[in-house]
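The values are calculated or read from the model by the stated rules, or taken from the named source; none is laboratory data. Predicted model only: the values in this text are computed from it and were never measured. Cβ: placed from backbone, ideal geometry, glycine included. Neighbour counts: every protein chain shown.
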Amino acid sequence: MELKPPFRKIIHVDMDAYYASVAQLDNPELRGKPVAVGGGGDRGVVSAASYEARKFGVKSAMSNVLAKQKCPHIVFVNSDFTRYKELTSKIRKVFFEYTDLVEPLSLDEAYLDVTENKKGNPSANDIAREIRKKIFDETGLRASAGISINKFIAKVASDINKPNGQRTVHPNEVISFLETLPIHKFYGVGKVTAAKMYNLGIFVGNDLKQKSLQELLTLFGKSGNHYYNIVRGIHNSPVKPNRIQKSVGAERTFTENISSEIFLLKKLDKIADELESRMLKNNTKGKTITLKIKYSDFTQQTRSKTKANFIQKKTEFFPIVKKLLYQEKLKNSVRLLGISFGNLDTEKKDPFWVQLKFEF
């Protein structure tokens, strides 16, 4: 199958170890040292790691205890989202110098469609290089980039020459690039799916390409259609400058496991205050309330209730949270609780991001 023009020019910009790099930027004593963001309590987890820490095998979502075992001299720092947002605002201003088609994925990465751009530059590769240089000049932070004909390939490509690099996959290279790409590097293929594909003899894109659409649908359900298309370079999702926020929540990890429902209710009361504040600040309402429970054995459970009308205030949703807590007996002691709103009234609103909080 041959891909046919016209082709879009998509850039995926991904900041290098963003949160850890910000800590090193603001504290010169940390530069060159292994740094983990998220605080250093034994109950916590690493939310981000510097490249110096990654060399020792430290990764995001790893427990602090394990991170210390792998890298005894690792330095833990707290998150600073006020600072992250300040720098992200500067970075996005750079993006908008080139195009209004900017789709943020998080504070540290975004897609840009530069097919038609404000600079009139036909080279997306040159634009990406300019953007990365300008980000460094204005913030002192480094970014990597992937450039190709669609978001999927650009996202995969941005990871190839990290840190502080970029990779362009030209239209005539797309098919060969995907055919030789290890299956675990396909964006969206997680560990579980990759393991399943390995068992099926699928190790690189070309192996995946040998499967018919019907085979993939049988093996992977609706995702089969996605896998069938992406390995052929087909991914038509446009860059969406106004992404809709689908949920917002607040959650806490506790320093000690809790088994008393009374104590859990007190914790939920504080979490509800924080969630109400976020909902009011962003003028957002929702219909579906979800209680998230993570037990001491790391198993997770969610319990939800959907209302007929939109709500946002604690007086409206906390009675529902209480009922969800008492809906059934706890399976074990609890290490994390969270409350979130879904079915939001955000159809015409700008997105916002909520970051996990840890209690130390």
- Give me a count of the residues in region 245-274 that are within 20 Å of PHE310 (Cα to Cα), surrounded by fewer than 20 Cβ atoms within 10 Å (Cβ to Cβ) and of a type outside the set (Gly, Ala, Ser). 4
- Query: Just for region 263-290: of the residues that are part of a helix (DSSP H, G or I) and of a type in the set (A, V, I, L, M), which one is nearest to GLY249 (Cα to Cα)?
  - Reply: LEU275
- Note on the structure: Just one listed residue, out of VAL156, VAL189, VAL169, is crowded, with 19+ Cβ neighbours inside 10 Å and modelled with pLDDT under 95, and it is VAL189
- Query: Of the residues that make up region 91-106, is at least one more than 22 Å from ARG142 (Cα to Cα), under 21 Å from the mean Cα position of the chain (by Cα), outside any helix (DSSP H, G or I) and among the hydroxyl-bearing types (Ser, Thr, Tyr)?
  - Reply: no
- Scan region 120-133 for residues that are touching a helix residue (DSSP H, G or I) at 6+ places or on another chain (Cβ under 7 Å) and surrounded by fewer than 16 Cβ atoms within 10 Å (Cβ to Cβ) and report the count. 1
- When the residues of region 314-339 are filtered to those that are under 30 Å from the mean Cα position of the chain (by Cα) and among the β-branched types (Val, Ile, Thr), which remaining residue is modelled with the lowest pLDDT? VAL334
- Query: Which members of region 119-129 meet the condition of being without any contact (Cβ under 8 Å) to a residue 24 or more places away in the chain and part of a helix (DSSP H, G or I)?
  - Reply: ASP126
- Task: State whether the residues of region 65-82 include one that is under 19 Å from the mean Cα position of the chain (by Cα) and either at pLDDT 95 or above or among the acidic types (Asp, Glu) (or both).
- Result: yes
- Item | Checking SER277 against (1) small (Gly, Ala, Ser); (2) surrounded by fewer than 14 Cβ atoms within 10 Å (Cβ to Cβ); (3) touching a residue at least 40 places away in the same chain (Cβ under 8 Å), the condition it does not meet | (3)
- Item | The one condition in (1) over 25 Å from the mean Cα position of the chain (by Cα); (2) not in a helix (DSSP H, G or I) that ILE293 fails to fulfil | (1)
- Note on the structure: Expected single match for buried (at least 16 other Cβ atoms within 10 Å of the Cβ), in the same structural domain as LEU265 (by TED's automatic domain parsing) and part of a strand (DSSP E or B) among PHE310, PHE317, PHE341 is PHE341
- Counting just the residues of region 210-238 that are over 23 Å from the mean Cα position of the chain (by Cα) and basic (Lys, Arg), which one comes out farthest from VAL174 (Cα to Cα)? LYS211
- Query: Among the residues of region 234-252, is there at least one that is among the hydroxyl-bearing types (Ser, Thr, Tyr), in contact with a helix residue (DSSP H, G or I) (Cβ under 7 Å, 6 or more places away or on another chain) and assigned to a loop (DSSP other than H, G, I, E, B)?
  - Reply: yes
- Message: I want to confirm something. Restricting to region 198-221 and keeping residues that are of a type in the set (Phe, Trp, Tyr) and part of a helix (DSSP H, G or I), which single residue is surrounded by the most Cβ atoms within 10 Å (Cβ to Cβ)?
- Response: PHE220
- Item | Any chance PRO182 is touching a residue at least 40 places away in the same chain (Cβ under 8 Å), within 19 Å of ILE153 (Cβ to Cβ), surrounded by fewer than 16 Cβ atoms within 10 Å (Cβ to Cβ) and not assigned by TED's automatic domain parsing to the domain that holds PRO104 | no
- Item | Among (1) surrounded by 20 or more Cβ atoms within 10 Å (Cβ to Cβ); (2) touching an Asp or Glu at 6+ places or on another chain (Cβ under 9 Å); (3) farther than 21 Å from ALA110 by Cα, the one test that GLY146 misses | (3)
- Task: Name, by its number, the condition in (1) polar (S, T, N, Q); (2) surrounded by fewer than 19 Cβ atoms within 10 Å (Cβ to Cβ); (3) part of a helix (DSSP H, G or I) that does not hold for THR115.
- Result: (3)
